[in-house]
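Derivation of every value follows stated rules applied to the coordinates shown; laboratory data play no part. Nothing here was measured: the structure is a model prediction, and the numbers come from that model. We place every Cβ from the backbone using ideal geometry, glycine too, and count neighbours over all the protein chains shown.
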Amino acid sequence: MLMPSADYVIVGAGSAGCVLAARLSEDASCEVALLEAGGEDRSHSVRQPSRWPLLWDGAENWGYSTTLQAGYNLRSIPCPRGKVLGGTSSINIMIYIRGDPRDFDHWRDLGNEGWGWSDVLPYFIKAEDQARGASSLHGVGGPLAVSDQASPSPLAHAFVDAAVACGHRRNPDFNGAYRDGAGLYQVTIRDGERCSTAKAYLDPSRERPNLRTITRARALRIVMDGDRAIGVDYFDGAQVRRIEARREVILSAGTVDSPKLLMLSGIGDPLQLESHGLVVRNALPGVGANLCDHPGSPLVLALRQADQAPPTSIHAEAGLFMKSEALNDGFAADIQFLAVPFAPPHAAAQGQTRAMAITVQACRPKSRGRLTLRSDDPLDAPVIDPGYLTHRDDMTLQIEGLRAARKIAAALPLREHIVRELSPGPGAIDDASIESAIRATSSCIYHPVGTCRMGVGADAVVDAQLRVRGTRSLRVVDASVMPQITSGNTNAPTIMIAEKAAAMMRAGQ
Ligand SMILES: Cc1cc2nc3c(=O)[nH]c(=O)nc-3n(C[C@H](O)[C@H](O)[C@H](O)COP(=O)(O)OP(=O)(O)OC[C@H]3O[C@@H](n4cnc5c(N)ncnc54)[C@H](O)[C@@H]3O)c2cc1C
């Protein structure tokens, strides 16, 4: 039996959607329907942490890729997005990072009242079940498991020790008292298995009579009555169905699909909508704009001896947050490093299995791109152009980061594990040759955000309550609302956004 209507209809059971569904349905008097295009999250590869690279070719990934990137020598790169309960939290690398407190103060200073660090910290804590115990910065008893890695590789420890030998401070908790320094990442893993938001939030709520989760339900458009959202049309694989929203429709379809759904519903840049023959209901030129992602540039090193990643490994075990010399914007760090003590896919593909990578990412890239419609067909993938490394400052940081990674690789105790540098390679000495290697080999860290930017002004898509401007009964709650990318991985901030959104909605805001 289909629920023909619900108080809240949520589109997308990803990092944000599962949180919202669970929190809103805590109120037994309100009915919640959660639509997810993908299926159940039963695959072994979703559960076992070390298997995440295998998910890219699976049914759990939308299989998107970017346009040919001018900053990457006209290469297109994959843009994996989870298509399964838990969304991208079911296919991601499981690193738990909140970002720099200044990221959120910056959001607030852009006009988003209520999103400063002191406002959002309680929601990070509310979500958290920290294995190390509670403190003023950490919570226990929340749905999301945050734990130390079960058996990090000796090479991950060697990376941290070498970074410390190079003058970086040791940081035992990247979400603690200070942000910069080198350490092992904490992870969203419970009892050796991935703790996605489907596991953390949805599973414990799924039996509630007031929550209905509908998988294989692909939303096609929002049903509008004038400026009010009244439901969602979706395709169940056989036919188009309609579900009505008595109170609100909430888009949690992620940075790629939330703006796409707005545009298909006539909400977006009028010129673009008209070019696809769509009726303009609400002219919001910012929909799809402000697309931002972390670029990722690898230093690949041949090793004397290689280990296999154990089942609990997330591969990217160690990290570093470093303040650059090139940029001084007052943040604790401008560059994040991910040390992967196992063969990175590109080295493995070249038959080089005894290898490791240190990937460098500018924390707050200034490059911006755009997401646009390919056509008015809801089943068509949109056009994704993140504009990687099109801003000079981002390249400056990537070059400085690669040089710093090389220094760490040359320091003890990491040095004794390394035979030689494979990429960029010993010939890349000056900035120009490092830059050309970066453009030839970079990918990203898979953190697209910003396409339904929260803020004030003509380009903002949602307000500080995440309500779509110029409409009624319609919100966007996911990574797309971030006005500026956070200084780190984006799952935890997305979960925070959904926790805060649910609290605002339950408070009638
Ligand atoms: C490979 C990879 C590794 C990553 N590693 C990390 C990491 O280690 N740590 C970290 O913090 N972050 C990581 N991230 C980023 C992080 O996981 C994402 O930022 C976060 O999950 C985004 O959450 P979201 O709710 O915005 O979107 P999603 O989690 O993507 O949720 C969107 C949901 O909507 C569904 N949907 C989309 N369109 C429709 C439609 N038309 N109808 C119905 N349903 C629809 C999708 O199937 C999906 O379930 C990684 C991302 C990737 C891709």
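With each pseudo-label sitting 7 Å past Cα toward Cβ, what's the ARG208-SER151 distance in nm, one decimal?
Here the answer is 3.9 nm between the modelled labels.
In the range 445-478, whose amide N lies under 15 Å from the spot 7 Å out along Cα-to-Cβ of ASP119? List them in ranges.
Flagged as within label range: 454-457, 462-467.
Net charge near GLY71, counting Lys/Arg +1 and Asp/Glu -1 over other residues with Cβ under 9 Å of its Cβ?
On the way: positive: ARG439; negative: ASP394.
The answer is 0.
What is the calculated FRET efficiency for TYR178 to HIS44, with r their C-beta to C-beta distance and R₀ = 35 Å, to the nearest 0.05?
Working: r = 38 Å, r/R0 = 1.09.
Result of the calculation: an efficiency of 0.40.
What are the residues whose amide H is under 5 Å from the amide H of THR213, where those residues sit 5 or more places off or on another chain and H is modelled from the backbone?
LEU34
With charges only on Cβ, +1 for K and R and -1 for D and E, what is the dipole size of the range 107-219 about its Cα centre, in debye, rounded to 20? Mind showing how you got there, number by number?
Numbers: 14 positive and 13 negative charges, 96 e Å.
Computed charge dipole of the range 107-219: roughly 460 debye.
Taking square-rooted eigenvalues a ≥ b ≥ c of the alpha carbon gyration tensor, is the chain rounded, prolate or oblate, where a/c under 1.5 means rounded and, failing that, a/b exceeding b/c means prolate?
Working: a/c = 1.74, a/b = 1.52, b/c = 1.15.
It is prolate, given that a/c is not under 1.5 and a/b is the larger ratio.
Over the range 323-422, one equal point on each Cα, no solvent: what is log10 I(q)/I(0) by the Debye formula at q = 0.14, 0.16, 0.17 Å⁻¹?
Debye output, listed in q order: -0.73, -0.85, -0.90.
³J(HN,Hα) across the range 269-283 via Karplus (A = 6.51, B = -1.76, C = 1.60, θ = phi - 60°), whole Hz, x for Gly/Pro?
Per-residue couplings from phi come out as 6, x, 4, 5, 4, 5, 5, 9, x, 8, 6, 7, 9, 8, 6 Hz.
Using only C-alpha atoms and all pairs of different ones, pull out the Kirkwood radius for the range 275-386 in Å with one decimal. Walk me through the intermediate numbers first.
Values: mean 1/r = 0.0570 Å⁻¹.
Kirkwood hydrodynamic radius for the range 275-386: 17.5 Å.
I'd like the distance between the alpha-carbon centres of the range 357-396 and the range 39-90, rounded to an integer number of Å.
Result: 16 Å between the Cα centres.
What whole number of Å gives the distance from the Cα centroid of the range 280-312 to the Cα centroid of the range 109-149?
Centre-to-centre (Cα) distance: 23 Å.
Quickly estimate the mean residue ellipticity at 222 nm for the chain, helices only: each DSSP H run with n ≥ 4 gives -39500 (n - 2.57), and the total goes over all residues, rounded to 500. Before the final figure, lay out the partial values.
Values: 11 runs with 113 residues, N = 509.
After summing the helix terms and dividing by the residues of the chain, the value is -6500 deg cm²/dmol.
Residues with amide H under 5 Å of VAL383's amide H, sequence separation 5 or more or different chain, H placed in the peptide plane at 1.01 Å from N; which?
Correct list: THR372, LEU373, ARG374.
Which of the peptides 134-141, 29-36 is most tightly packed, and how do the rest follow, going by the mean number of other Cβ atoms within 10 Å of each residue? Present the calculation step by step, with values, prior to reporting the outcome.
Numbers: 134-141: 14.0, 29-36: 23.1.
Top of the packing list down: 29-36, 134-141.
Count charges around SER480 for me, please; just the other residues with Cβ under 13 Å from its Cβ, Lys/Arg as +1, Asp/Glu as -1. Please list the in-between numbers first.
Numbers: positive: ARG81, LYS260, ARG370, ARG453, ARG475; negative: ASP257, ASP293, ASP478.
It works out to a net charge of +2.
Determine ³J(HN,Hα), in whole Hz, for all residues of the range 54-66 in sequence, where each value follows from phi through the Karplus function 6.51 cos²θ - 1.76 cosθ + 1.60 and θ = phi - 60°; x replaces Gly and Pro.
6, 6, 5, 9, x, 5, 7, 10, 5, x, 6, 9, 7
What list of ³J(HN,Hα) values in whole Hz, one per residue of the range 128-139 in order, does the Karplus curve 6.51 cos²θ - 1.76 cosθ + 1.60 (θ = phi - 60°) give from phi, with Gly and Pro shown as x?
Working through the residues one at a time gives 8, 10, 7, 5, 7, x, 7, 7, 5, 10, 10, x Hz.
Plugging the Kirkwood radius over Cα pairs into Stokes-Einstein for the range 79-181, at a temperature of 20 °C and a viscosity of 1.002 mPa s, what D comes out in µm²/s? Mind showing how you got there, number by number?
Details: Rh = 16.0 Å.
Roughly 134 µm²/s, to the nearest whole number.
Round to a whole angstrom and tell me the spacing of the C-alpha centers of the range 469-484 and the range 425-453.
First find each Cα centre; the distance between them is then 30 Å.
For the cross-link pairs LYS126/LYS260; LYS126/LYS199; LYS323/LYS407; LYS323/LYS500, which exceed 26 Å when the distance is taken from alpha carbon to alpha carbon? Write down the numbers at each step before the final one.
Numbers: LYS126/LYS260 31 Å; LYS126/LYS199 16 Å; LYS323/LYS407 15 Å; LYS323/LYS500 30 Å.
Over 26 Å Cα-Cα: LYS126/LYS260; LYS323/LYS500.
Report, by chain and number, residues whose modeled amide H sits under 5 Å from the one on VAL146, excluding near sequence neighbours (fewer than 5 apart, same chain).
For VAL146, the qualifying residues are ASP129, GLN130, ALA131.
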